[in-house]
Structures are given as structure tokens and as C-alpha cells.
Amino acid sequence: MIVHGRTLHPGSATGLPIRLTAPLSFWGGTDDQGRIVDAHHPQCGAVLTGRILLMESGRGSSSASSVLAEQIRARTAPAAIVLSRPDPIIPLGALVAAELYHLDLPVVVAPYDAVPDDVLVRVSATSREAAISW
């Protein structure tokens with residue numbers, strides 16, 4: 001199966017999906033190991049490192065982009081991020097990491113409800129198109 005979407009930041013990644021039931025801010029919401037530490041988040045304790053993160057949108061602070069960029073550098077970030085609606089903060093973190101560290105984390109907007117939770121997922125995003133397949 002393939003779901004098509006819109007690229008917010010290019011790249012490709014493969015991993016197991018993790019679907020968040022609430023928006024997340026990387027600033028204050030995750031730690032340097034890629035774990036959700038926001039005590040009010042329904043998935044507090046979940047590890048995002050290397051996963052295909054599926055969520056509605058980011059939440060809050062513009063500082064989240066710098067936290068995400070640092071997680072990308074440290075290789076503790078999700079492998080890719082799929083959003084159901086555009087968010088300017090998350091792709092900014094991916095862009096900064098690409099410019100500073102030459103590491104790409106794909107960020108796409110797509111209707112991810114069709115993506116199953118228990119299969120290996122591939123996200124491929126170019127400047128022209130984005131696809132999620134499994």
C-alpha cells in the first residue's frame with residue numbers, strides 16, 4: 001500500500017511506526033534519548049528514536065526545532081515524522097540539522113490513518129512528492 005502526501009522536508013527513512021494520540025512539543029516533551037517525558041502526554045515514556053512518528057501536529061514552542069535538530073545530530077530523533085496537518089516548527093528543526101550536520105529527517109503531511117501500526121514503514125520524500133509505503 002502507498003499513501004501520498006506533501007513534503008515539508010525531504011529525505012527517506014524506514015522504521016516501525018508510533019502513532020501519538022496527542023500533539024507533542026520536542027521542547028520539554030522529549031529528553032535527549034528521544035523518550036517522551038511530558039507527564040501530561042498520553043504516551044509518556046514511549047521512545048521515538050528510530051521510529052516513524054505519526055501525529056496530528058507539533059505543539060507549542062519554537063524552541064522545539066532546536067531540540068529536534070539536536071536529537072537528529074545525536075541520532076535519537078524519530079526516523080521520519082508524518083503529520084496530518086502542516087507545522088512550521090518541526091520541518092525547521094529538520095532543515096537546521098540538514099544544513100549544520102548534513103543529516104536528513106523526512107517530514108511530510110499525509111493522511112496517515114491508513115498506515116498500520118505493526119509493519120515496517122518507508123517514508124520517501126522529495127521536493128516534488130512524498131510517499132509512505134508498507
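Go through Ala97, Ala131 for me and flag whichever is among the hydrophobic types (A, V, I, L, M, F, W, C), at pLDDT 95 or above and part of a strand (DSSP E or B). Even if it seems obvious, please write down each step before you answer.
Working: Ala97 fails: part of a strand (DSSP E or B).
Answer to the selection: Ala131.
Working only within segment 32-41, note down all residues that are touching a residue at least 24 places away in the same chain (Cβ under 8 Å) and surrounded by 15 or more Cβ atoms within 10 Å (Cβ to Cβ).
Going through segment 32-41, the residues touching a residue at least 24 places away in the same chain (Cβ under 8 Å) turn out to be 32-34.
Within segment 32-41, just Gly34 meets the criteria.
In segment 92-134, which residues are open to solvent by 60 Å² or more (accessible area, probe 1.4 Å), of a type in the set (A, V, I, L, M, F, W, C) and under 16 Å from Ser65 (Cα atoms)? Across segment 92-134, the qualifying residues are Leu92, Leu95, Leu100. Of (1) touching a helix residue (DSSP H, G or I) at 6+ places or on another chain (Cβ under 6 Å); (2) surrounded by 22 or more Cβ atoms within 10 Å (Cβ to Cβ), Arg73 satisfies all except one. Which? If we test Arg73 against (1) touching a helix residue (DSSP H, G or I) at 6+ places or on another chain (Cβ under 6 Å); (2) surrounded by 22 or more Cβ atoms within 10 Å (Cβ to Cβ), just (2) comes out false. Restricting attention to segment 1-39, the residues that are in a loop (DSSP other than H, G, I, E, B) and closer than 11 Å to Arg51 by Cβ add up to 3. Scanning segment 80-91 for residues that are in contact (Cβ under 8 Å) with a residue 40 or more places away in the chain and crowded, with 23+ Cβ neighbours inside 10 Å turns up Ala80, Val82, Leu83, Ile90, Pro91. Against the definition (acidic (Asp, Glu), at pLDDT 95 or above and in contact with a Gly (Cβ under 7 Å, 6 or more places away or on another chain)), how does Asp87 come out, yes or no? No: the conditions fail for Asp87.
Listed here are the residues, each with its yes/no results for (1) in a helix (DSSP H, G or I); (2) open to solvent by 60 Å² or more (accessible area, probe 1.4 Å); (3) out of contact with any strand residue (DSSP E or B) (no Cβ under 9 Å at 6 or more places or on another chain); (4) not acidic (Asp, Glu).
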| site | (1), (2), (3), (4) |
| --- | --- |
| Gln43 | no, no, no, yes |
| Leu53 | no, no, no, yes |
| Ser61 | no, no, yes, yes |
| Leu68 | yes, no, no, yes |
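The condition (being over 15 Å from Ser25 (Cβ atoms), in contact with a Ser or Thr (Cβ under 9 Å, 6 or more places away or on another chain) and small (Gly, Ala, Ser)) is satisfied by just one residue among Ala131, Ala98: Ala131.
Only residues that are open to solvent by less than 30 Å² (accessible area, probe 1.4 Å), farther than 19 Å from Pro111 by Cβ and hydrophobic (A, V, I, L, M, F, W, C) were counted across segment 1-23, and they come to 0.
The set of residues from segment 65-107 being in contact with a Lys or Arg (Cβ under 9 Å, 6 or more places away or on another chain) and of a type in the set (Ser, Thr, Tyr) comprises Thr76, Tyr101.
The values are calculated or read from the model by the stated rules, or taken from the named source; none is laboratory data. These figures come from a predicted structure and were not determined experimentally. Every residue, glycine among them, receives a Cβ derived from its backbone with ideal geometry; neighbour counts consider all protein chains shown. These area figures cover heavy atoms from the full protein model, side chains too; ligands, DNA and RNA do not enter into them. Shrake-Rupley method; radii C 1.70, N 1.55, O 1.52, S 1.80 Å.
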